[in-house]
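First the structure, in the form of structure tokens, and then the observations on it.
Nothing in this text is a laboratory measurement; each read-out follows from the coordinates by a stated rule. None of these values were measured; they are calculated from a predicted model. Note: ideal-geometry Cβ built from the backbone for every residue, glycine included; neighbour counts use all protein chains shown.
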Amino acid sequence: MSQVPIIAFGTTKGGSGKSTVCVLVAGEIADRGENVLILDTDPQQTTMKWFERCKAAGQPPERIEVVPCLGEKALGDQLKALPENGVVLIDTQGALTPALAIIATRADLIVVPSRATKTDVVEAAAFVKYTEHFRQDGVRLFLNSVDAIAMKTAVFNEAIAYIQEEQIPYFRTMLYQRPIYTDVNDDKGTLSTIKANPESVRKARANVALLLNEILEELSDAGTAAAEVHATEAA
Ligand SMILES: Nc1ncnc2c1ncn2[C@@H]1O[C@H](COP(=O)(O)OP(=O)(O)OP(=O)(O)O)[C@@H](O)[C@H]1O
Ligand SMILES: [Mg+2]
């Protein structure tokens, strides 16, 4: 592992939650007292724009820094000048770019969000298999924006069955579809600064915390222990 852990969020499927989960995980890491550097490598600059909105509103997120990082040259330069401590997160473009090859080689973990339909999961699984050309492990799919009602449908079951049949490595934690996550990503702030119903915030944070716990277990090579972590909070 590099000196600071590098966690990338990637998949070719647009709108699956790369930027949202990047920002939510950054907020949770920062809440635990660690510095987070986000490299925004997507030309859409979604994460960068979120950071600019936070600053413009006079609420720069504590312990989080976002820098634009477009193209292989900028990425290479950033990776040569990593901070001495904290965690580096990389938000990626939804495409197989030259920069992605660098990220797939250098990241300690690649987190692949997918919506819970068979079509989405098939695309996410293809992305996982693509990254495996660059590395042997350290890639995990997880289901994002899951809605509690949809979980009872055949579409959801087919998605889960596909992941298992294809033996795609995945995190047990699913991130539920919550308006509060949309609010953070599409507006400003983090789950610890957002003005919302305290119970909704508590559940939203608990869900992200479970995901981060699995991410950290994977990074620390805790092996099968990660499989024991389950999302228990209903949406
Ligand atoms: N768990 C969730 N609950 C509610 N809304 C979500 C959730 N995850 C993502 N969204 C919303 O879905 C939309 C797409 O998410 P996001 O921009 O993070 O996807 P992306 O994979 O980064 O897309 P792109 O490929 O365009 O970069 C956003 O409006 C975001 O707020
Ligand atoms: Mg994005």
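Values for this structure:
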quantity	calculated
Debye, to nearest 20: dipole size of the range 6-221, +1 on Lys, Arg Cβ, -1 on Asp, Glu Cβ	440 debye
R115, R106 arranged by Cβ crowding within 10 Å, fewest neighbours leading	R106, R115
Inter-label distance, nm, simple model (7 Å from Cα along the C-beta direction), K152/R53	3.3 nm
HN-Hα J in Hz across the range 16-32 - Karplus 6.51, -1.76, 1.60, θ = phi - 60°, x for Gly and Pro	8, x, 4, 5, 4, 5, 4, 5, 5, 5, 4, x, 5, 5, 4, 5, 8
Within the chain, helix-based [θ] at 222 nm, where runs of 4 or more DSSP H residues each add -39,500 (n - 2.57), nearest 500	-13500 deg cm²/dmol
Reciprocal of mean inverse Cα separation for the chain (Kirkwood radius, Å)	17.7 Å
Share antiparallel - DSSP beta bridges, the chain, percent rounded to 5	0 percent
Neighbourhood net charge (14 Å Cβ-Cβ; Lys/Arg +1, Asp/Glu -1) for K118	-3
From phi via Karplus (6.51, -1.76, 1.60), per-residue ³J(HN,Hα) for the range 201-218 in Hz, x at Gly/Pro	5, 4, 5, 4, 5, 4, 5, 5, 4, 4, 5, 4, 4, 5, 4, 5, 5, 5
Residues whose placed amide H lies under 5 Å from that of E166, excluding near-sequence neighbours	none
Estimated distance in nm for a label pair at E72 and S192, the labels positioned 7 Å out from Cα along Cα-to-Cβ	3.9 nm
Karplus-derived 3J(HN,Hα), 6.51/-1.76/1.60, for each residue of the range 92-108, Hz, glycine and proline x	10, 6, x, 7, 8, 9, x, 4, 5, 4, 5, 4, 5, 7, 8, 5, 7
For I38, residues with placed amide H under 5 Å, excluding near neighbours	E65, V66, V67, L89
Sequence-distant residues sharing a close amide H with L141 (under 5 Å, placed H)	V112, Y170, F171
